[in-house]
1. Using Cα pairs closer than 8 Å and at least 6 residues apart in sequence, work out the relative contact order for the chain, in percent.
2. For the chain, set up a Gaussian network in which alpha carbons nearer than 10 Å are linked by springs, and say which option among 97, 81, 51 fluctuates the most.
3. Taking the Cβ of each residue in 82, 58 as the centre, tally the other Cβ atoms inside 10 Å and list the residues starting with the fewest.
4. Cut-off 10 angstrom, C-alpha nodes, Gaussian network model of the chain. Which of 47, 111, 93 fluctuates the most?
5. Nearest 10 degrees is fine. How inclined is helix 61-79 to the longest principal axis of the chain, computing both from alpha carbons?
6. Just how far, in whole angstrom, is the range 30-89 from the range 101-125 if you go by their alpha carbon centroids?
7. With bins 10 Å wide starting at 0, give me the P(r) of the range 82-125 over every alpha carbon pair, in whole percents.
8. What is the fewest-to-most order of 10, 36, 72 by other Cβ atoms lying within 10 Å of their Cβ?
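None of the figures in this text is laboratory data; all of them are computed from the coordinates on show. These numbers come from a predicted model, not from an experiment. Reconstructed Cβ throughout: ideal geometry from the backbone, glycine too, with neighbour counts over all protein chains shown.
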């Protein structure tokens, strides 16, 4: 009995999600269909279609689980310890120094390999 309830619920969820997609497409379609109307009104059609689609999608199991995930993600972001301005500056300087140092090493390696290739084959500048 419980399995049929879940199947029905998931079938209804699928219908709701398809309805949400239809609402989004309808908003976009209305934007282009009513091209003679003002830009603000046409943009309103898209926004209304999007809001209605989100409200319909939110009523599904997938919508509820997505909303729970968003809320838990926001809570986790609030727990993060962000670096201070000084730590960010020091890290940026360290990265720049390492990049310049690596660039110089790669340039020297390129010169050495070019010199070695020229010595072995006699070709090159």
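1. Details: 56 pairs, mean separation 24.3, N = 125.
With pairs under 8 Å counted, the relative contact order is 19 percent.
2. 97
3. 82, 58
4. 111
5. It is inclined by approximately 40 degrees.
6. 53
7. 26, 26, 19, 15, 11, 3
8. 36, 72, 10
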